[in-house]
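Presented below is the structure to which this report refers.
The values are calculated or read from the model by the stated rules, or taken from the named source; none is laboratory data. Given the structure is predicted, the values throughout are model-derived calculations rather than measurements. A quick note on method: Cβ atoms are made from the backbone with ideal geometry, for glycine too, and the neighbour counts reach across all protein chains shown. Only protein heavy atoms, including side chains, enter the accessible area calculation; ligands, DNA and RNA are left aside. Shrake-Rupley method; radii C 1.70, N 1.55, O 1.52, S 1.80 Å.
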Amino acid sequence: MTVEAILEATIQVLLASGSDRLNTTRVAHRAGVSVGTLYQYFPNKQALLFALVDRHLAVLVEAIENVCSENKGTTADTMADLVVKAWLEAKNRQLDTSRAVYHVALELDTRALINAATRRCEIAITDMLASAFDVTFLDAEIVAQVLLATIYGTVRVFYERGTPPETGSEVEQQLTLMCKSYLKAARRPD
């Protein structure tokens, strides 16, 4: 598919040359399409980068929504395990995209895309947390927001630094421990 080839080429150019050297001509050449073909799908560099960020976020949101809908009624600890695992697996499935998106995050105003994706994740996590059979939270929505911010912020630091994949399991263990501890502390007192 041409759109996929163009987006993959965008990732490759970003990782090889950085966002400063990214232009539609380089991307089209890398994708093996004409600049005119690229412009049929993306009218400019900014539209191309927004599409890349949007696609990246869609994978993350889908992973969180799926794990949350499939695991309602489990324990809070299980929920923490599964949300962390789903987020990390989604990031690792698109490792190059994750790193490329961080290259362009500062130059694009993607707040609307990020806010919409974040909100969908928060809703899914809130619904799942509210269904936990072993605990009740005073405000499941606030707990979901803090949980997601913890995961997002921690993972972002590691990906921006280019943390080697072999440390991934240790990062997952530590992040899961942090999330489980938070969920335990956020429980409504009996």
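Assorted remarks:
- Looking at the stretch 52-186, the accessible area is 50 square angstrom per residue; that uses a 1.4 Å probe and ignores ligands, DNA and RNA.
- Of the GluC sites (Glu not before Pro) found in the stretch 31-128, the ones in coil according to DSSP and having at most 15 other Cβ atoms within 10 Å of their Cβ are 107.
- For the chain, the 222 nm mean residue ellipticity estimated from helices alone, with every DSSP H stretch of n ≥ 4 adding -39500 (n - 2.57) and the total spread over all residues, rounds to -25000 deg cm²/dmol.
- Residues residue 157 and residue 188, FRET efficiency given R0 of 41 Å [Cβ-Cβ distance, rounded to 0.05]: 0.85
- Against the chain, whose longest principal axis comes from its Cα atoms, helix 168-185 is set at around 40 degrees.
- Farthest towards the positive end of the charge dipole of the stretch 5-65, among the residues 53, 15, 63, is the Cα of 15, using unit charges on the Cβ of Lys, Arg, Asp and Glu.
- Residues in the stretch 32-52 reached by a label modelled at residue 111 [backbone nitrogen below 12 Å; 7 Å Cα→Cβ]: none
- Segment residue 55-residue 92, extension gain: residue separation times 0.36 nm, minus the distance between their alpha carbons: 11.9 nm
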